[in-house]
Amino acid sequence: MKKLIAAAIVSLTAVVASAETLTIYTDRPTARVQPIADQFKAQTGADVVIIEKAYADVLAQIQAEGEATPADLIFTKDLVFLSDLTQKGLLQPLASASVKSRVAPAMKDLNDNWIGITYRARTLVYAPDRVNPSEISDYADLADAKWAGRVCMRTSKGTYNVALIASLVHHKGATAAKDIMAGILDNLAVDVYPNDTAMMTAMANGICDIGIANTYYLAGMLDQNPNFPIKPLFANQNSTGAHVNGSGVGIVKYSKKAALAEQFISLMLQENNQLWLSGSHMEYPAALGVTPNTLIKDWGTFKVDPTNWTVIGESVPAAKEIIKELDYK
C-alpha cells in the first residue's frame, strides 16, 4: 500500500517536472519565491516548479516519494524543521564555497546540509507606558516575581517557542531552562494566546505589559499602524545575544540537479533578492553585508546569539520534554 501511495504521489508531481525543471518544496508562500524563480528562468532557461505545503506535508511527501522524488530543494521557515530534515538524512551537502561564505557561520549547518536565507529575533516586546526597559534585559528576567500577572505568551504549539527553549537549554542546561519557563508561565496575566499578533494586541489593550515575540510580527503591526504602542527590546545584549531563528534552504538528498539547485540558492542570496525576501516579510537578510530597507532598520543593530542553529536544534528534544512536563499549552 505504501508503495502504491508513493507511486501515485510521484506520478502526480512528476507531470510538472522535467530534466529542465528545478522543483522546490516549501512551506513559505509561493508569491515570496516566484520573483526569484522568474529571474532564475531568465538566467538559466530552467523552469522552476514551486510546491507549497505545510512542513508536515512536505516531509510526508518527500518520505513517501523516496529516491523517486522530483524535489530538488526544500525551503522552510524554521531551524527546528531544518534540524529535522538533517536528522532524517533528507539533505545533501552544499558544495559551493561562494554560496557557503555568504552567511554568518551560525546560519549554516555544520555539515553544510542547509544555509540560512532570512532570520528574525524572538525577543522581548513591551508596553513603554508601563515598562521601563532598564528593568529587564534577559529572557530569564520574565521569571522574576516582579512580573507576576504582567506577562503574555503565545502557545508552545508551532516551533518558535520550541526553538527559544532549546536555546535556553543549550546556554543554561535543561534544569535551569525548565525553571525559567516555569517562572514565566507562573507570571502569565492570562492563558497563552494562539499567536504573537493576538498576544501583542492584548498587550496594547492593557491586559499584560511584556512578552516575547518574533520581530517580524511586531514590524508588520507597526507597518499597518505606526502608533501601535508596543516596542521591541533585544534580549541578552550583555550575555549570549538575542535568540534568532529563520528560514533556510537545502538540496534534497536524492536530487540529481545539485549544481542547478546551488545556482538557485546563490540567486536567493544576492542582495536584490535578499532585500525582496526581507522586505516581503519584515525579516533580516541572512547574507552578510546586506542591511534591511524596511522599518526594522530603525531598530538598529543588535547582538545576535552566535550559536550555530544546528547546535540549537540538538536541544529541541529536551525543549519539547520541558514543554510537556510544564503542561505548557
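The values are calculated or read from the model by the stated rules, or taken from the named source; none is laboratory data. Small disclaimer: the values here were computed from a predicted structure and weren't measured. Cβ sites come from the backbone with ideal geometry, for glycine too, and all protein chains shown count toward neighbours. Note: accessible area is taken over every heavy atom of the protein model, side chains too, but ligands, DNA and RNA are not part of it. Shrake-Rupley method; radii C 1.70, N 1.55, O 1.52, S 1.80 Å.
Some observations on this one:
- Residue in region 270-277 that is open to solvent by 30 Å² or more (accessible area, probe 1.4 Å), farther than 29 Å from Gly116 by Cα, at pLDDT 95 or above and not acidic (Asp, Glu) present: no
- Within region 57-92, the only residue that satisfies the criterion of being open to solvent by 20 Å² or more (accessible area, probe 1.4 Å) and among the aromatic types (Phe, Trp, Tyr) is Phe81.
- Of the residues making up region 136-158, just one is charged (D, E, K, R) and at pLDDT below 95, namely Lys157.
- Restricting attention to region 174-231, the residues that are over 28 Å from Glu321 (Cβ atoms), open to solvent by 50 Å² or more (accessible area, probe 1.4 Å) and part of a loop (DSSP other than H, G, I, E, B) add up to 6.
- Matching option when the condition is within 18 Å of the chain's Cα centre (by Cα) and exposed (fewer than 14 other Cβ atoms within 10 Å of the Cβ), among Ala54, Ala104, Ala95, Ala42: Ala54
- Some residue of region 104-113 being among the polar types (S, T, N, Q) and modelled with pLDDT under 95: no
- Exactly one residue out of Val169, Val151, Val131, Val125 is open to solvent by 10 Å² or more (accessible area, probe 1.4 Å) and on the phi < 0 side of the Ramachandran plot, and it is Val169.
- Taken over region 294-316, the criterion of being in a helix (DSSP H, G or I) and surrounded by 14 or more Cβ atoms within 10 Å (Cβ to Cβ) is satisfied by Leu295, Ile296, Trp299, Trp309, Thr310, Val311, Ile312, Gly313, Glu314, Val316.
- For region 239-287, a residue qualifies if it is within 18 Å of Leu82 (Cα to Cα), within 13 Å of the chain's Cα centre (by Cα) and part of a loop (DSSP other than H, G, I, E, B), and the qualifying residues are His243, Glu283, Ala286.
- Of everything listed in (1) touching a residue at least 60 places away in the same chain (Cβ under 8 Å); (2) of a type in the set (Ser, Thr, Tyr); (3) open to solvent by 40 Å² or more (accessible area, probe 1.4 Å); (4) part of a loop (DSSP other than H, G, I, E, B), the single unmet condition for Thr291 is (1).
- Check on Thr118, among the hydroxyl-bearing types (Ser, Thr, Tyr), at pLDDT 95 or above, open to solvent by less than 10 Å² (accessible area, probe 1.4 Å) and within 17 Å of Ser167 (Cα to Cα): no
- Thr240 being at pLDDT 95 or above and either more than 22 Å from Ser134 (Cα to Cα) or of a type in the set (D, E, K, R) (or both): no
- Complete set of residues in region 22-38 that are surrounded by fewer than 18 Cβ atoms within 10 Å (Cβ to Cβ) and polar (S, T, N, Q): Thr30, Gln34
- Hits in region 232-269 (condition: more than 22 Å from Val304 (Cβ to Cβ) and either small (Gly, Ala, Ser) or surrounded by 22 or more Cβ atoms within 10 Å (Cβ to Cβ) (or both)): Ile251, Val252, Ser255, Ala258, Ala259, Ala261, Phe264, Ser266
- In summary, Asn113 fulfils each of the numbered conditions (1) in contact with a Leu (Cβ under 7 Å, 6 or more places away or on another chain); (2) surrounded by fewer than 22 Cβ atoms within 10 Å (Cβ to Cβ) with the single exception of condition (2).
- In region 177-199, the residues that are closer than 15 Å to Asp141 by Cβ reach residues that are hydroxyl-bearing (Ser, Thr, Tyr) and surrounded by 21 or more Cβ atoms within 10 Å (Cβ to Cβ) with C-beta atoms within less than 8 angstrom, at least six apart or across chains, in these pairs: Ile180/Tyr139.
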